[in-house]
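One structure below.
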There are 2 protein chains.
Amino acid sequence: MPQNTNPINAKFAAICGVTLALTLAFAAPVSAQQTSSVTTQQAALIARPMMISRQGSFFVGGHDIFSDTLSTLPNYAASGTVTVDQMYVHYQVPVKAKPLSLTLIHGCCLTGKTWESTPDGRIGWDEYFVRKGYSTYVIDQAERGRSASDISTINSVKLGKTAPSQLPSIFAAGREDAWTIFRFGPEYQKVWPGVQFPMEALAEFWKQMVPDWSAALPTPNPTVPALSELAIKLGGTVLISHSQSGIYPFQAAAINTRDIRGIVAIEPAACPAPGGDLTPYTKMPTLVLFGDNVDTSPRWSPRLKLCRAFVEAANAAGGHAQLVVLPDLGIHGNTHMLMQDRNNLQIADWLLNWIDKHIDAKAS
Amino acid sequence: MPQNTNPINAKFAAICGVTLALTLAFAAPVSAQQTSSVTTQQAALIARPMMISRQGSFFVGGHDIFSDTLSTLPNYAASGTVTVDQMYVHYQVPVKAKPLSLTLIHGCCLTGKTWESTPDGRIGWDEYFVRKGYSTYVIDQAERGRSASDISTINSVKLGKTAPSQLPSIFAAGREDAWTIFRFGPEYQKVWPGVQFPMEALAEFWKQMVPDWSAALPTPNPTVPALSELAIKLGGTVLISHSQSGIYPFQAAAINTRDIRGIVAIEPAACPAPGGDLTPYTKMPTLVLFGDNVDTSPRWSPRLKLCRAFVEAANAAGGHAQLVVLPDLGIHGNTHMLMQDRNNLQIADWLLNWIDKHIDAKAS
C-alpha cells in the first residue's frame, strides 16, 4: 500500500471514479446499491483542494462540581473539582466563507462523528458544507464524546456510599434494536428495497455508536443552553439537528431566539407541541426533513404526524415552517441516517439550496 | 461581532498580530506571560490558507459484545449487541503531503482535543503539522471520547444483578490534583516562575478533561493493538504519544514493529523496562521529550530517570534512541501540556526537525 493512502478513502475515490465514468460514458442509471450517486459537479468539488482559512475546537457552557468520589484508585485523588456539562465544538472556516454558518447537532447514541466521513468512507456533510463555502460547527452533546460526563455517582456506588438504584441511566442502543430505529429495514437483518444506506459498511457504522447519558441529565439537556450561547458567540448560525437532538434547537429558541438564523430538524424525535406557545418559532425559518419508509415505522410515523401538526400551527401563528418528506421530492430509499446514505450529497445540495432560499444571514 | 468570527480565534489573530508587530518593529523580547512566541515565519504560515487534499475519520479495532443490560429504560432494549474497544481516528492530508505521516495519541483524562486549538485559542499541533506538510492522524483512546465505552456492568449493578464493587474503575482527575501532575506549579494555585502554559485560559483547559476508563480495561489497553493496526493500514507512521499513552507505542512495537517508522514519547508516564527485551525498540528511531521542572516533581522525576535508563539500554542494544529535556536546549518554562504551551510552535518546529533528521519515511 502506498504511503499515507487511507484505504477507506482510496476505496471512496475508486467508487467515485466509477460513478463519474459511468455518468459520463453511458449516462445510464447507477444502482444505489452499488455506488454512490455523486454528480460530475460534486466529484469535481471533492477532487479540488479544500481551502481552509482557520479551524479548531473549543467548549461552550459547563459548570464546576466538587466531588469526594472522583476516583477509587490510589494514583488519583478522590476529592476535587471537575467541569461537566460543557459542549465540545469543532469548526472549520473556509476561505471566502459565506456569511451564514451551519451548526451540526448529532442524535441519540452518536457523536459529532455522525457528520464526518460515512461508514464506507465517502465525504461527510461537515466537509461538504465547508467545501460549499459554509463555516461549519460540529458539536458533541454535553456528557457525550469529547464533552465530559459526570462519573462521581458511579464511584460513590462502587464505594458503597450511594444505592445502586441511584446510578445514572446510561444506555447503549444494541444493533438489533437500532436496525429498525435507523430504518434500515422492517426488522433486524431485513433491508428495505432500494435502501440508500451503505449496508456493506454496517460494521464500521456500529463503531460510531456510544453510550448515551441524556436520560441522566436535566431537562432541558445542557446542550440546549450551550447551543443558544454558541449561536450568540458566532453572531448567527443555522442549527441543524438530528433525531434525539431534534427538539434542542427549538428549546434553545425558547430560551433566546437571538442569532438563531434558522432551524433544520432532520428526522426529529420530537417537534414542539402544536398547542404550546409558538411565538419563538415564528422568528426564524424552519425546515423539518424526513427520509423514506417513515409511515411504516411505529416509532417514526407518529413523530412525523406531530411534526406536521407543529408546522401547520407554527405557520398559522405567523411562522415560516416547512415539512418535507424526501419521497415527495422523488428521492427514495433514505434511512434515518440520511447524511450518511449513498445519496447524501444530493440531499446536502437540496438542503443548502433550501437554506439559501429561505434563510437570511443578516436577520436579527 | 461580525458574522462567523470565532471570538477565540479573533483573539488569537490579535495576539499573533501583536507578536508579529513587536517582532518586526522592535525585535524586542516578548514576555512569555503575555503573548505567544510565534515567529514571523510561523505567523505567515498560519495566515495562509490551509490546503487540504482530503480529511475524515474512521475506526480501528473493536469487537462485538452481547449484553442483557444495555439499558434500563423502556425506550431502548436491554438486550443486544454493541461494538466496544474500537479507536476513533480523525485525519487530514494536506496537498503535496510529505511521505511520512504523524499519529497523535493523547494522555490521561483527555481526548484528541489535546492536539487541537490551545485553551487560549492558538493553533494546535494537529493543524500545524498539516500546514507543515504532514498527514496527521489524531486518535481518541479506546473507551474515551468518540470511542465507545462498555456500560453494561453499570446497568447490571443498577438492576441489582452485579455487586457494586464490580463497577468499572472510572476516574476523573480533579484540578487540585491535576495542577501538580500537569506541573503548572509546585502546589495547587501556585505557578512556576516563567511558566509557558496560558494560565489565563485554565477554565477552558479544565473543560477538556474527561473521565478515564483506562483502569477498567485489559493490559495492554485496546488502544495498543489498534495503533499497530493503524500503522500497518497507513503503510507507515510516527507514533507520537503523551503521558499516560507513553508506553502504548512501545507496546504496539512489541506486538509488531511493522510500519512504526518512529516513536516520539512526550512526557511518558512510563518507558519500557531497561532490563527487558529491547529488540523491538532497536528497529525504529525513538525520542523521549520532557519539559521543565521535572526534577522537582515527585511524580515525574522517577519517570524521567527510568526513561533515561531505557534510552541508554536501548542504545546499548543497538537502538537509536534519544532523551531530551527542553531546558537542555535552552527552552524553559514548559509544563506537562507542552503542546498547548505558549511556545508550542517553537517545540513543534524543533520536533519536526528531529523527525526529518532521524526518521526515514521509507524504512521497512
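Results, tabulated for the structure shown:
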quantity	calculated
Those residues of the stretch B:160-175 which are more than 7 Å from chain A (Cβ to nearest Cβ) and in a loop (DSSP other than H, G, I, E, B), in sequence order	B:Lys161, B:Thr162, B:Ala163, B:Pro168
Selection count where residues are surrounded by fewer than 17 Cβ atoms within 10 Å (Cβ to Cβ) and not polar (S, T, N, Q), scope the stretch A:271-280	4
Those residues of the stretch A:155-193 which are closer than 16 Å to A:Val210 by Cβ and hydrophobic (A, V, I, L, M, F, W, C), in sequence order	A:Ile170, A:Phe171, A:Ala172, A:Ala173, A:Ala178, A:Ile181, A:Phe182
Residues within the stretch B:132-159 that are more than 30 Å from B:Leu100 (Cβ to Cβ), more than 7 Å from chain A (Cβ to nearest Cβ) and touching a Lys or Arg at 6+ places or on another chain (Cβ under 8 Å), tallied	0
Unique match (being in contact with a helix residue (DSSP H, G or I) (Cβ under 6 Å, 6 or more places away or on another chain) and on the phi < 0 side of the Ramachandran plot) among A:Leu202, A:Leu278, A:Leu234, A:Leu217	A:Leu278
Condition check for B:Ala44: within 7 Å of another protein chain (Cβ to nearest Cβ) and surrounded by fewer than 19 Cβ atoms within 10 Å (Cβ to Cβ)	no
Leading residue by the ranking (surrounded by the most Cβ atoms within 10 Å (Cβ to Cβ)) among those in the stretch B:95-109 that are within 10 Å of chain A (Cβ to nearest Cβ), under 19 Å from B:Ile260 (Cβ atoms) and not hydrophobic (A, V, I, L, M, F, W, C)	B:Ser101
Test set (1) surrounded by 21 or more Cβ atoms within 10 Å (Cβ to Cβ); (2) assigned to a loop (DSSP other than H, G, I, E, B) - A:Pro193 fails condition number	(1)
Close pairs from the stretch A:157-183: first at positive phi and surrounded by fewer than 16 Cβ atoms within 10 Å (Cβ to Cβ), partner of a type outside the set (Val, Ile, Thr) and in a helix (DSSP H, G or I), Cβ under 9 Å, at least 6 apart	A:Gly160/B:Pro164; A:Gly160/B:Ser165
Residue, farthest from B:Lys357 (Cα to Cα), within the stretch B:281-338, restricted to residues that are surrounded by fewer than 19 Cβ atoms within 10 Å (Cβ to Cβ) and β-branched (Val, Ile, Thr)	B:Thr296
The one condition in (1) surrounded by fewer than 18 Cβ atoms within 10 Å (Cβ to Cβ); (2) not in a loop (DSSP other than H, G, I, E, B) that A:Phe205 fails to fulfil	(1)
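Throughout, read-outs are computed from the coordinates displayed, never taken from laboratory work. Predicted, not measured: the structure shown is a model, and the values here were computed from it. So basically every Cβ, Gly included, is an ideal-geometry build from the backbone, and we count neighbours across all protein chains shown.
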